[in-house]
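Novice: The following block contains the structure, expressed as structure tokens.
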Amino acid sequence: MLQVPEGYLFATVSAGLRYQKRDDLALILSNVPARAAAVFTKNKFQAAPILVAKKILEKKSRVRGILVNAGQANACTGETGYSNCCQTLQMVKRVFGLGEDDILPASTGVIGEQFELEKWEKAVPELKKTLGQTDPVRVARAIMTTDTFPKLSWKRVSLQAGEVTFLGFAKGAGMICPDMATMLGFVLCDAQIDGNWWREALKMAVDMSFNAITVDGDTSTNDCVFALANGASGVCVAQDEEDMIRETLKSICQDLAYQIVQDAEGGTKVIHIHVTGAKNKTQAELVARTIGHSLLVKTALYGQDPNWGRIVAALGRSGAEFNPDQVEVRIAGITIFAQGQPVNMDIDNIMARHLRKQDVHIQVSLGDGNGEYTLLSSDLTEEYVRINACYRT
């Protein structure tokens, strides 16, 4: 059963911001100011909501909630887009009776389109009417673009002083590549947590989840992950419980990140690429990303073809340092390449049942150190081309 942290209310409405009529504007509101943490895209073309949220968090460590819209990214919209974003927050402040800079904005959708503020003026009062009448699933649906299912994850943790609850939302299916991607992620918690520690914990969780996935190698302009902790449970996290909270936060983010790759535009498989034996983590990451981004590897796995040559070729051009004679490649735990040549076996027949599964595991050992890295990737299908060729038209 879906578990919701204490002290949060939800609202959604159809504001007409999408081409298809459905809920496309959502508000997550905490009853009390919540400690806020955030991680943002590193794309140089940062969307207006990213710039506004950064400015808010430079001034405040606590906020009341998150306002998110789908359909229009409000990216590459200049000073007008920045002003429009601020005006939408002023509308919410006025209608909901909030303080200055109480709400963090987030947007996703088509780049370059300006908000039609008349639609927002009509929608925000309607949004208030649904506050507390909407559940988290509707919020997750409202922020979808090309997603095919809403993405949520939750967990309850027992601490010395009582129970605390985590609830996470995410959207994303295409334009997915670390430093996050065209994805939004929100995590809510009702524990009493130190602000500085919360920010560091989120950064670590994002690095091991949303920053360790790829669908198509594209990093977007609107990526952000917000984490709120409002303390509404009354449960304070003791110092010796911080590791448990950190692991829970990471687990929520990793679950959401998996769901994004699972829902990759046109995708049929989640590819788990685990690289070990590298000189260091950076070298291992180079290998994992090169394999995960390879169009030839992705299309081979879509065709259920155990083409080890494509994996090895990607490995060879990754820029990582290794001895080719020490490399071992395994699919589903079965060694198919070692000591510079394929293993003598009927690879096609042996691999057939493994490659029919949704989750495919590729393990690469470089045999040269302790560095390791895991990346989640997707396959590439004709449907991906269709979706993105017709995204606006």
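The values are calculated or read from the model by the stated rules, or taken from the named source; none is laboratory data. Fair warning: this is a prediction, and the values are worked out from it, not measured in the lab. All Cβ positions, glycine included, derive from the backbone under ideal geometry; neighbour counts span all protein chains shown.
Novice: Give segment 215-262 a look and list any residue that's out of contact with any Ser or Thr (no Cβ under 7 Å at 6 or more places or on another chain), farther than 27 Å from Asn31 by Cα and buried (at least 18 other Cβ atoms within 10 Å of the Cβ), or say none.
Specialist: Asp216, Tyr258, Gln259, Ile260, Gln262
Novice: While we're here: Give Leu301, Leu295, Leu286 a once-over and let me know the one that is free of Cβ contacts under 8 Å to residues at least 60 places away in the same chain and under 30 Å from Ala338 (Cα atoms).
Specialist: Leu286
Novice: Right, here's the next one. If Met345 passes every condition in (1) among the aliphatic types (A, V, I, L, M); (2) in contact with a helix residue (DSSP H, G or I) (Cβ under 8 Å, 6 or more places away or on another chain); (3) surrounded by fewer than 17 Cβ atoms within 10 Å (Cβ to Cβ); (4) not in a helix (DSSP H, G or I) but one, which one does it miss?
Specialist: Of everything listed in (1) among the aliphatic types (A, V, I, L, M); (2) in contact with a helix residue (DSSP H, G or I) (Cβ under 8 Å, 6 or more places away or on another chain); (3) surrounded by fewer than 17 Cβ atoms within 10 Å (Cβ to Cβ); (4) not in a helix (DSSP H, G or I), Met345 misses just condition (2).
Novice: Would it be correct to say that Ile271 is crowded, with 22+ Cβ neighbours inside 10 Å, at pLDDT 95 or above, touching a helix residue (DSSP H, G or I) at 6+ places or on another chain (Cβ under 7 Å) and of a type in the set (Val, Ile, Thr)?
Specialist: yes
Novice: What residue, among those in segment 357-393 that are among the hydroxyl-bearing types (Ser, Thr, Tyr) and under 14 Å from Val297 (Cβ atoms), is surrounded by the most Cβ atoms within 10 Å (Cβ to Cβ)?
Specialist: Of everything passing the filter in segment 357-393, Ser377 is surrounded by the most Cβ atoms within 10 Å (Cβ to Cβ).
Novice: Given the options Leu98, Leu104, Leu67, name the one that is in a strand (DSSP E or B) and in contact with a Gly (Cβ under 9 Å, 6 or more places away or on another chain).
Specialist: Just a single option satisfies the conditions, and that option is Leu104.
Novice: Here is a further query. Which pairs do you get when a residue that is in the same structural domain as Leu301 (by TED's automatic domain parsing), found in segment 200-218, comes within reach of a residue that is modelled with pLDDT of 95 or more, reach meaning Cβ atoms under 8 angstrom, with the pair 6+ apart or on two chains?
Specialist: Close Cβ pairs (under 8 Å, with a partner that is modelled with pLDDT of 95 or more) do not exist here.
Novice: For residues that are on the phi < 0 side of the Ramachandran plot and surrounded by fewer than 20 Cβ atoms within 10 Å (Cβ to Cβ), tally how many sit in segment 85-110.
Specialist: Total satisfying the criteria: 11.
Novice: If you don't mind, there's one more thing I want to ask. Take segment 1-53 and flag every residue that is of a type in the set (D, E, K, R) and under 22 Å from Lys155 (Cβ atoms).
Specialist: Residues satisfying the conditions are Glu6, Arg35.
Novice: To continue, here is another question. Across segment 79-110, what is the total count of residues that are out of contact with any strand residue (DSSP E or B) (no Cβ under 8 Å at 6 or more places or on another chain) and at pLDDT below 95?
Specialist: Summing the residues that are out of contact with any strand residue (DSSP E or B) (no Cβ under 8 Å at 6 or more places or on another chain) and at pLDDT below 95 in segment 79-110 gives 1.
Novice: Can you pull out every residue in segment 191-205 that is touching a helix residue (DSSP H, G or I) at 6+ places or on another chain (Cβ under 8 Å) and surrounded by fewer than 16 Cβ atoms within 10 Å (Cβ to Cβ)?
Specialist: Of everything in segment 191-205, just one residue is touching a helix residue (DSSP H, G or I) at 6+ places or on another chain (Cβ under 8 Å) and surrounded by fewer than 16 Cβ atoms within 10 Å (Cβ to Cβ), namely Met204.
Novice: Working only within segment 278-289, note down all residues that are of a type outside the set (A, V, I, L, M) and surrounded by fewer than 21 Cβ atoms within 10 Å (Cβ to Cβ).
Specialist: Residues satisfying the conditions are Lys279, Asn280, Lys281, Thr282.
Novice: Now for a separate question. Which number in (1) aliphatic (A, V, I, L, M); (2) assigned to a helix (DSSP H, G or I); (3) at pLDDT 95 or above; (4) not assigned by TED's automatic domain parsing to the domain that holds Ala37 marks the one condition that Met244 misses?
Specialist: (4)
Novice: Something else now. For Thr165, indicate whether it is surrounded by fewer than 22 Cβ atoms within 10 Å (Cβ to Cβ) and in a strand (DSSP E or B).
Specialist: yes
Novice: Only one of these conditions is not met by Val124: (1) more than 24 Å from the chain's Cα centre (by Cα); (2) surrounded by fewer than 19 Cβ atoms within 10 Å (Cβ to Cβ). Which number is it?
Specialist: In the conditions (1) more than 24 Å from the chain's Cα centre (by Cα); (2) surrounded by fewer than 19 Cβ atoms within 10 Å (Cβ to Cβ), Val124 misses (2) alone.
Novice: Pairs please, first residue from segment 36-64 and assigned to a loop (DSSP other than H, G, I, E, B), second anywhere and of a type in the set (D, E, K, R) and at pLDDT 95 or above, Cβ atoms under 8 Å, 6+ apart in sequence or on different chains.
Specialist: Partner pairs satisfying both residue conditions: Lys60/Asp101; Ser61/Arg35.
Novice: Got at least one residue in segment 68-81 being assigned by TED's automatic domain parsing to the domain that holds Asp194, farther than 22 Å from Ala170 by Cα and surrounded by 19 or more Cβ atoms within 10 Å (Cβ to Cβ)?
Specialist: The answer is yes; a qualifying residue exists.
Novice: Further, regarding this structure: Of the residues Gln304, Gln358, which single one is at negative phi and within 29 Å of the chain's Cα centre (by Cα)?
Specialist: Every option except Gln358 fails the conditions.
Novice: Run Gln133 past the list (1) free of Cβ contacts under 8 Å to residues at least 40 places away in the same chain; (2) more than 30 Å from Val270 (Cβ to Cβ) and report the number of the one that doesn't hold.
Specialist: (1)
Novice: Report yes if some residue within segment 144-151 is of a type in the set (A, V, I, L, M), in contact with a helix residue (DSSP H, G or I) (Cβ under 6 Å, 6 or more places away or on another chain) and buried (at least 20 other Cβ atoms within 10 Å of the Cβ); otherwise report no.
Specialist: No, segment 144-151 contains no residue that is of a type in the set (A, V, I, L, M), in contact with a helix residue (DSSP H, G or I) (Cβ under 6 Å, 6 or more places away or on another chain) and buried (at least 20 other Cβ atoms within 10 Å of the Cβ).
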